[in-house]
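Below is one structure, written out as structure tokens; comments come after it.
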């Protein structure tokens, strides 16, 4: 049975819970996108990234599971199908810790706007769907900086799954959740797995202060809104190019 769709306004909304200010140890800012596969999050972050790059802003882009230090071990584990839910989770945590220490935190301290395609909430949603305890996952990632904005792109399960299945020749073993024994059919296993992940994301909307974005809205309209929210919540001038004739302090 499909996960019930929460009430989503025409385009976006923010959690009614008052959002606490992120712990500040740096002059930079952290913007994150989250959502299940096929929700449109990566497309929107790419468009935002290009817009900021063209504008000359100081930005850095990072994405989930991309540390060269861990990538080879993860690849071997996947190829041999040796990864248990716990080892899979720990590999992703090691990947994130490496990127956090070498990229995210140094650049935040250096005054950059850091854009992250998936963040710790991916682990909270996906690893919990594999059976890892929520409190264990929260403790595992307790060192992570709190994002200034977390955009959560929410598309109905059928829409998101259709986007992925129609665009790929074959779903990968772990991507489809085949390690969990949900179904012998890879496409059906993927659907069930994504449904679990979606339910976990929905539970974090208020507690983790997500900005809820309707993933079914036209790409250009959604991008315009994303830029508006970014400009409202973050002083982009501090990351922009220095204006000609500006006096040094």
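The values are calculated or read from the model by the stated rules, or taken from the named source; none is laboratory data. Computed from a predicted structure; not experimentally measured. Cβ placement follows ideal geometry from the backbone for every residue including glycine, while neighbour counts extend to all protein chains displayed.
To keep it simple, each residue is scored yes or no on (1) over 28 Å from residue 129 (Cβ atoms); (2) at pLDDT 95 or above.
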| position | (1), (2) |
| --- | --- |
| 163 | no, no |
| 168 | no, no |
| 218 | yes, yes |
| 242 | yes, no |
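Being exposed (fewer than 13 other Cβ atoms within 10 Å of the Cβ) and within 15 Å of residue 81 (Cβ to Cβ) is the requirement here; does residue 172 meet it? Yes: the conditions hold for residue 172.
Among the residues of the stretch 201-222, the ones that are part of a helix (DSSP H, G or I), surrounded by 20 or more Cβ atoms within 10 Å (Cβ to Cβ) and in contact with a helix residue (DSSP H, G or I) (Cβ under 8 Å, 6 or more places away or on another chain) come to 2 in all.
Could you check the stretch 73-92 and list, in sequence order, the residues that are without any contact (Cβ under 8 Å) to a residue 60 or more places away in the chain and buried (at least 19 other Cβ atoms within 10 Å of the Cβ)? Across the stretch 73-92, the qualifying residues are 74, 89, 91, 92.
Number of residues in the stretch 44-67 that are surrounded by fewer than 16 Cβ atoms within 10 Å (Cβ to Cβ) and in a helix (DSSP H, G or I) equals 5.
Within the option set 33, 70, being within 30 Å of residue 181 (Cα to Cα), modelled with pLDDT of 95 or more, surrounded by 11 or more Cβ atoms within 10 Å (Cβ to Cβ) and touching a helix residue (DSSP H, G or I) at 6+ places or on another chain (Cβ under 8 Å) holds for one residue only, 33. Hey, does the stretch 238-249 have a residue that's in contact with a strand residue (DSSP E or B) (Cβ under 9 Å, 6 or more places away or on another chain) and without any contact (Cβ under 8 Å) to a residue 24 or more places away in the chain? Looking for residues that are in contact with a strand residue (DSSP E or B) (Cβ under 9 Å, 6 or more places away or on another chain) and without any contact (Cβ under 8 Å) to a residue 24 or more places away in the chain, one finds none in the stretch 238-249, hence no.
Of the residues 191, 163, the single one that is closer than 19 Å to residue 34 by Cβ, over 17 Å from the mean Cα position of the chain (by Cα) and not in a loop (DSSP other than H, G, I, E, B) is 163.
Return yes when residue 73 is under 24 Å from residue 146 (Cβ atoms) and not in a loop (DSSP other than H, G, I, E, B) and no when it is not. The answer is no for residue 73.
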